[in-house]
Amino acid sequence: MTDALVIIMLCAFWLLFLGRAAMLTARGVRVFVLAKGNTVSEKLLEIILVPALPLWTAQTASAALGRPLIPAPPFWNAAAPGWVGLALCAAGLTLFAAALVSFGSAWRVGIDESGGRLVTSGAFAISRNPIFLFMDVYFFGTFLVYPNLFFMLFFISAVFVIHRQILNEEKSLLARFGPAYEEYRRKVRRYL
């Protein structure tokens with residue numbers, strides 16, 4: 001049962017991500033603004049996390065189907081952590097959907113210095129980084145479902161790279177929105 005739910009949630013993630021990207025692209029919005037970074041942490045996001053996401057997806061799907069691409073023995077065989085992991089994945093997906101709605105047409109993958117508006121309502125009234133928070137929660141949940149070295153290392157790497165990206169985005173937002181962003185930063189936490 002958990003494996004079927006993993007597949008359903010994995011499909012839901014990609015439908016949300018690609019569906020929103022397609023909707024915005026159809027409206028003329030340039031959603032993917034990667035490959036513009038010149039700092040080490042921006043390169044880390046582009047070099048490590050972006051290509052690793054398809055590998056993580058393939059490993060997750062293949063593990064759910066009982067034939068992992070990269071075999072790794074589990075750290076434990078208890079069912080309870082897997083159910084907790086599924087609950088975290090579901091909560092993360094809910095947060096992701098709420099963040100996409102809150103973002104409206106301002107959503108981008110990467111740092112877009114070309115304008116836009118500062119989003120502070122909806123999911124962004126709770127967390128300054130609800131999509132990155134979703135990713136951390138979702139990757140941790142997946143690790144609890146499939147507690148092995150691959151998913152543990154992916155989760156740890158993703159948290160590190162995502163945090164570096166958040167720091168870069170904060171610098172960009174402060175430069176673009178100045179006092180308005182500083183006020184928002186005082187009111188709303190980086191994660192929760």
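Laboratory data are not the source of any read-out in this text; all were calculated from the coordinates shown. Values in this document were obtained by computation on a predicted structure and should not be read as measured data. So basically every Cβ, Gly included, is an ideal-geometry build from the backbone, and we count neighbours across all protein chains shown.
For the stretch 1-20 and the stretch 151-178, what is the separation of their C-alpha centers, rounded to whole Å? About 24 Å separates the Cα centre of the stretch 1-20 from the one of the stretch 151-178. GNM on the chain, alpha-carbon springs under 10 angstrom: the most fluctuating residue among 28, 19, 92 is 28. If you plug the beta carbon distance of residue 8 and residue 30 into 1/(1 + (r/R0)^6) with R0 = 41 Å, you get a FRET efficiency near 0.85.
How large is the direction-averaged shadow of the alpha-carbon convex hull of the chain, in nm²?
Details: hull surface 43.3 nm².
That works out to 10.8 nm², a quarter of the Cα hull's surface.
Can you give me the angle between helix 130-145 and the longest principal axis of the chain, using Cα atoms only, in degrees from 0 to 90, rounded to the nearest 10? Rounded to the nearest ten degrees, it is 10. Taking amide H positions as modeled 1.01 Å from N, with prolines and chain starts lacking one, the residues under 5 Å from residue 109 and 5 or more places away or on another chain are 32, 33.
Each residue in 171, 187 was given a count of other beta-carbon atoms within 10 angstrom of its own, and listing them fewest first yields 187, 171. Going from the residue with the fewest nearby Cβ atoms within 10 Å to the one with the most, 107, 83 rank 83, 107.
With a Förster radius of 30 Å applied to the C-beta separation of residue 79 and residue 22, the computed FRET efficiency comes to 0.20.
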